[in-house]
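*Asks:* Structure incoming, see below.
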Amino acid sequence: MGSSTITTKDGVEIFYKDWGKGQPIVFSHGWPLSADDWDAQMLFFLSKGYRVIAHDRRGHGRSTQTEDGNDMEHYADDLAALTEKLDLHDAIHVGHSTGGGEVVHYVAKHGMKRTAKIVLISAVPPIMVKTKDNPDGTPLEVFDGFREALAANRAQFYVDVASGPFYGFNRPGAKPSQGIIDNWWRQGMMGGTKAHYDCIKAFSETDFTEDLKKIDKPALVLHGDDDQVVPYKDAGVLSAKLLKNATLKIYPGFPHGALTTHHDVINKDILEFLKS
């Protein structure tokens, strides 16, 4: 145990950390980050007697910088390959943002028998983009802007995201943490440009509605009402309604990256859910 890699059936190396013993908690990170974004959760739940596992999504972090396969189908298949390789049972899957979509699609497609509970934090399901069936979604032009900014100057774009809307550091009275901003930028720049570019479509346009309807495992849905990246009314609130057995908690004033800025509150609430 420690860290290692698995190789998927299409030859992609997936980096993962695997610490401790006990019931496994598997963490799926947001775009364009890595397993390192779960530092506060990995340490906390390890200290509570859980086995904690976090991987770098394909194209992200220390995993292969893939040209193709940067979509939710492959993300879910990669997570299935990891859980099977580690022979995980009675697992708790925790997903943040894009990772929430990965968890939902994995559990619905592969993981019902191996999964005990799920936790979604500021997660993208059911679907982010505005469509005829999702009139309150985010206009496609917003995501086109993400792609344009990434292609033009990824390094500056990542500075702007981390120092602005991701953690709510652009709000009046906010106290930005340079360390948090730098760590977000570091994680983002470790990954591949092509994979990150493709992932914008994956997290914004994938419709998880039917996946959510299939899942009957106990689910905890956490979302901040000041999430400037994934608006909570079109995400957490709707996901909780579609899941068969969900508990919804909305945090006043919490930003998209609350698992970092408010990890003490988030960790406590997840632990309470796991013990219930």
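The numbers here are math on the coordinates, done by the rules we state, and not lab data. Predicted, not measured: the structure shown is a model, and the values here were computed from it. Here the Cβ positions follow ideal geometry from the backbone for every residue, glycine too, while neighbour counts run over all protein chains shown.
*Asks:* With the cut-off at 1.5 for a/c, could you classify segment 152-213 from its C-alpha gyration tensor as rounded, prolate or oblate?
*Replies:* Oblate is the answer for segment 152-213, as a/c is 1.5 or above yet b/c matches or exceeds a/b.
*Asks:* Now for a different question. Grab the DSSP H runs of the chain that are 4 residues or longer, score each as -39,500 (n - 2.57), total them, divide by all residues and round the 222 nm result to the nearest 500 deg cm²/dmol.
*Replies:* The helix-only estimate for the chain comes to -12500 deg cm²/dmol at 222 nm.
*Asks:* Separate question: Pairs Lys117/Lys213; Lys48/Lys109; Lys194/Lys233; Lys109/Lys132; Lys130/Lys201: which are spaced more than 23 Å apart, C-alpha to C-alpha?
*Replies:* Among Lys117/Lys213; Lys48/Lys109; Lys194/Lys233; Lys109/Lys132; Lys130/Lys201, the Cα-Cα distance tops 23 Å for Lys48/Lys109; Lys194/Lys233; Lys109/Lys132.
*Asks:* Once you sort the root eigenvalues of the Cα gyration tensor of segment 50-178 as a ≥ b ≥ c, which label holds: rounded (a/c under 1.5), prolate (a/b larger than b/c) or oblate (the other case)?
*Replies:* prolate
*Asks:* Could you give the longest part of the chain that holds none of the trypsin sites (Lys or Arg not before Pro) found in DSSP loops with at most 11 neighbouring Cβ atoms within 10 Å?
*Replies:* No qualifying site falls inside 133-276, the longest such stretch.
*Asks:* Would you kindly state how much longer the chain becomes between Asp136 and Leu43 on full extension, computed as 0.36 nm times their sequence separation minus their alpha carbon distance, in nm to one decimal?
*Replies:* Stretched out fully, the Asp136 to Leu43 stretch lengthens by 29.7 nm.
*Asks:* Mind checking which of Leu86, Leu222, Leu46 has the largest fluctuation in a GNM of the chain, springs on alpha carbons under 10 Å?
*Replies:* Result: Leu86 has the largest fluctuation of those listed.
*Asks:* Could you grab the relative contact order for segment 2-275? Cα pairs under 8 Å, six or more apart, rounded to a whole percent.
*Replies:* 21
*Asks:* If you take the square roots of the eigenvalues of the alpha-carbon gyration tensor of segment 179-276 and sort them as a ≥ b ≥ c, do you get rounded (a/c under 1.5), prolate (a/b over b/c) or oblate?
*Replies:* Oblate.
*Asks:* Remind me, relative contact order of segment 1-139 in percent, using alpha carbon pairs under 8 angstrom and six or more residues apart?
*Replies:* The value is 23 percent.
*Asks:* Which of the GluC sites (Glu not before Pro) across segment 28-133 are loop residues per DSSP, with 14 or fewer other Cβ within 10 Å?
*Replies:* Glu67
*Asks:* Could you run the Karplus curve 6.51 cos²θ - 1.76 cosθ + 1.60 with θ = phi - 60° over segment 5-10 and give me ³J(HN,Hα) per residue in whole Hz, x for Gly and Pro?
*Replies:* 9, 10, 10, 6, 5, 9
*Asks:* I need the phi-derived Karplus couplings for segment 169-175: 6.51 cos²θ - 1.76 cosθ + 1.60, θ = phi - 60°, integer Hz, Gly and Pro marked x.
*Replies:* Running phi through 6.51 cos²θ - 1.76 cosθ + 1.60 with θ = phi - 60° gives 6, 8, 7, x, x, 5, 10 Hz.
*Asks:* Count the DSSP beta bridges whose two residues both fall in segment 2-275, then state the antiparallel fraction as a percent rounded to the nearest 5.
*Replies:* 30
*Asks:* On full extension of the chain, what length is gained from Lys109 through Asp216, given 0.36 nm per residue of separation minus the C-alpha to C-alpha distance?
*Replies:* Between Lys109 and Asp216, full extension yields an extra 37.2 nm.
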